[in-house]
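The values are calculated or read from the model by the stated rules, or taken from the named source; none is laboratory data. Treat the numbers as computed from the prediction; the structure is a model and nothing was measured. Here Cβ is always computed from backbone atoms with ideal geometry, including for glycine, and neighbour counts include all displayed protein chains. With ligands, DNA and RNA removed, areas are computed over all heavy atoms of the protein, side chains included. Shrake-Rupley method; radii C 1.70, N 1.55, O 1.52, S 1.80 Å.
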Amino acid sequence: MYTGSRSYFASTKKFYYSLFFILPFLAVYETGLFRGALGNHINGADAVLRLFFYFLYGILGVNVTRILSGIAIIILIFYLFSYLVKNRIRVRVSFLFFMLLEAMLFALLAGIIIHVSLNYNFPRLFSMKPSRAVVEQLAVSGIINVWAKIVSSVGAGIFEEFLFRFLLIRVFYSFWKDSAYRAFGTDALAMAKAIGLSSLVFMLMHVGSVQSVFGLISIFFGSILFSLIYLKRGYGIVSATHIFYDMYLMFGILA
């Protein structure tokens, strides 16, 4: 492996760092759902991804689907640890800590960039009072207490980034890439189209919960920024960036 900063940036973009990094956030989200933090609601992207399991429920039944899901999880865990042992990879806890700091910084920078680009002024920082638009959006979604805000933010970061960045960008990219470009991301034009279309779909998915055109534009612009972070730093970093970005808005750290 590389040493120093090259080791950090090269290693933390790998899938195993993203997985270990995001697991605690996923535990928070699932615990929140179990305790009813969001009532009868779940994140929209999470709902889309769960449709596959509901489909299996209808065909195979609940018990068989649970057994197959458990087997799949065990196989994935076994594959992960086999991969780490075979390639003599050591996951550094310090790297996970720096990933957390990196995501928090990216979230702050993304919020400032989006606000300045759309409002032509600097946002209020650490006022601890969310903007009126955010308050209205939270009211529509029924997110009113601290625990609900945290769980909602975590769900958005994990599942929306997985669906719209990790999956959709790759799918759309495969539609447009030139056959001469084999590796993901090597065709710049195809990548630009994939980012634009996935961001448009991301924006449209929020139409029901956002009350203004201005809000939708900010979501589209934010999606482009998240896409660039995903391409440069991987799923784990962009997922946590999205989580903290939403938290900053909901708790008034950015307003």
Residues that are open to solvent by 20 Å² or more (accessible area, probe 1.4 Å), in contact (Cβ under 8 Å) with a residue 60 or more places away in the chain and aromatic (Phe, Trp, Tyr), drawn from segment 10-60: PHE15, PHE20, PHE25
Residue within segment 206-215 that is of a type in the set (S, T, N, Q), assigned to a helix (DSSP H, G or I) and open to solvent by less than 40 Å² (accessible area, probe 1.4 Å) present: no
Going through segment 34-44 one residue at a time, which ones are closer than 15 Å to GLY157 by Cα and of a type in the set (A, V, I, L, M, F, W, C)? ILE42
So ARG90 fits all but one of (1) open to solvent by 100 Å² or more (accessible area, probe 1.4 Å); (2) closer than 23 Å to GLY252 by Cβ; what number is the exception? (2)
Can you name every residue in segment 20-64 that is farther than 22 Å from LYS149 by Cβ and polar (S, T, N, Q)? ASN63
Quick check on LEU138: is it farther than 14 Å from ALA240 by Cβ, among the aliphatic types (A, V, I, L, M) and open to solvent by less than 70 Å² (accessible area, probe 1.4 Å)? yes
Keeping to segment 210-255, report how many residues are within 14 Å of PRO130 (Cα to Cα) and among the basic types (Lys, Arg). 0
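Here are ALA190, ALA194: which of them is more than 27 Å from GLU30 (Cβ to Cβ), surrounded by 15 or more Cβ atoms within 10 Å (Cβ to Cβ) and modelled with pLDDT of 95 or more?
The match here is ALA194.
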Test of understanding: among PHE202, PHE126, which residue is open to solvent by 70 Å² or more (accessible area, probe 1.4 Å) and either at pLDDT 90 or above or within 22 Å of the chain's Cα centre (by Cα) (or both)? PHE126
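Hey, any hits in segment 44-58 for a residue that's over 22 Å from the mean Cα position of the chain (by Cα) and of a type in the set (A, V, I, L, M)?
yes
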How many of the residues making up segment 99-134 are touching a residue at least 12 places away in the same chain (Cβ under 8 Å), more than 18 Å from TYR230 (Cβ to Cβ) and not charged (D, E, K, R)? 13
Taking PHE184, is it part of a helix (DSSP H, G or I) and in contact with a helix residue (DSSP H, G or I) (Cβ under 8 Å, 6 or more places away or on another chain)? no
